[in-house]
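This report concerns only the one structure given below.
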Ligand code: ADP
Ligand code: MG
């Protein structure tokens, strides 16, 4: 579904992502882990069109998408969440999600956006009525809203950035189960970014590890968690 070759991102003289290549198969959950600052969000920003890659290619469903504008990439079926949720607080939850759905589809149909919003809110377990406010949502609720916004755009590939930030143990387990449910029930392929391994390892099919912008390991969770290079990076931080 996704083929990334030799991806590079430079900010001035600093190389944040260096020659990263990987593939994602349809229907899998790929975990992308690495310490803070290792380049995970920068990769998502290139996959979603927020940043132009300095070099490399990104093929989605066989077509080159690197350098396309973010709305074109969303229309092709790549949805993303942001590490830091920034909903519109004056809009209701429903309006926030419907708005994402509206701009996520090429047709801009209000009816379709509202249907998508209802389905997405139901999927993540938030109220589907049109009046519930964003204020009062805790960390877990905001993460769910972020997921619902991404789902409302109708993705085939979902990029989930740090879905566990600020959550307690129980909430982390629930968030992990939710990503698996999104894959199992909606058939959506997922790349899931976290800086900690934790519960991610229980849910993903494969893991890729970044350190200082480079891929240092890749494989099954059991293989990667026993890789000396990975252990060194995680014990050294
Ligand atoms: P991660 O998500 O793995 O924590 P990031 O991809 O956010 O890491 O950042 C990787 C590196 O790139 C960091 O050193 C960060 O400071 C740098 N970086 C990210 N975005 C920018 C930017 N817009 N301008 C300059 N440097 C950036
Ligand atoms: Mg990040």
Residue 235: more than 16 Å from ligand 2 (Cβ to nearest atom), out of contact with any strand residue (DSSP E or B) (no Cβ under 8 Å at 6 or more places or on another chain) and either over 26 Å from residue 60 (Cα atoms) or without any contact (Cβ under 8 Å) to a residue 12 or more places away in the chain (or both), yes or no?
-> yes
Would a scan of region 57-74 turn up a residue that is within 16 Å of ligand 2 (Cβ to nearest atom), in the same structural domain as residue 181 (by TED's automatic domain parsing), on the phi < 0 side of the Ramachandran plot and touching a residue at least 40 places away in the same chain (Cβ under 8 Å)?
-> no
Output for region 219-235, where each listed residue is surrounded by 16 or more Cβ atoms within 10 Å (Cβ to Cβ) and either part of a helix (DSSP H, G or I) or within 22 Å of the chain's Cα centre (by Cα) (or both) = 221, 224, 225, 230, 233, 234
Pairs with Cβ under 6 Å, 6+ apart, first in region 19-45 and free of Cβ contacts under 8 Å to residues at least 60 places away in the same chain, second more than 16 Å from ligand 2 (Cβ to nearest atom) | 23/3
Within region 137-175, work out how many residues are on the phi > 0 side of the Ramachandran plot and modelled with pLDDT of 90 or more.
-> 1
Is it true that residue 14 is loosely packed, with under 14 Cβ neighbours inside 10 Å, within 25 Å of residue 165 (Cβ to Cβ) and near ligand 1 (Cβ under 9 Å from one of its atoms)?
-> yes
Using beta carbons and a limit of 7 Å, which pairs, at least six apart or on different chains, have the first residue in region 213-225 and farther than 28 Å from residue 53 by Cα and the second one crowded, with 20+ Cβ neighbours inside 10 Å and modelled with pLDDT of 95 or more?
-> 221/204; 221/207
Within region 144-163, the residues that are touching a helix residue (DSSP H, G or I) at 6+ places or on another chain (Cβ under 7 Å) and away from ligand 1 (no atom under 16 Å from the Cβ) are 144, 145, 147, 148, 149, 151, 152, 153, 154, 158
Residue check, residue 178 against (1) part of a helix (DSSP H, G or I); (2) within 16 Å of ligand 2 (Cβ to nearest atom); (3) outside the structural domain of residue 101 (by TED's automatic domain parsing), all met but one. Which one?
-> (2)
Kindly check whether there is at least one residue in region 40-48 that is assigned by TED's automatic domain parsing to the domain that holds residue 2, more than 11 Å from residue 4 (Cβ to Cβ), modelled with pLDDT of 95 or more and over 14 Å from the mean Cα position of the chain (by Cα).
-> no
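The values are calculated or read from the model by the stated rules, or taken from the named source; none is laboratory data. Since this is a predicted model, take the numbers as computed values, not measurements. Using ideal geometry, Cβ is built from the backbone for each residue, glycine included, and neighbour counts are taken over all protein chains shown.
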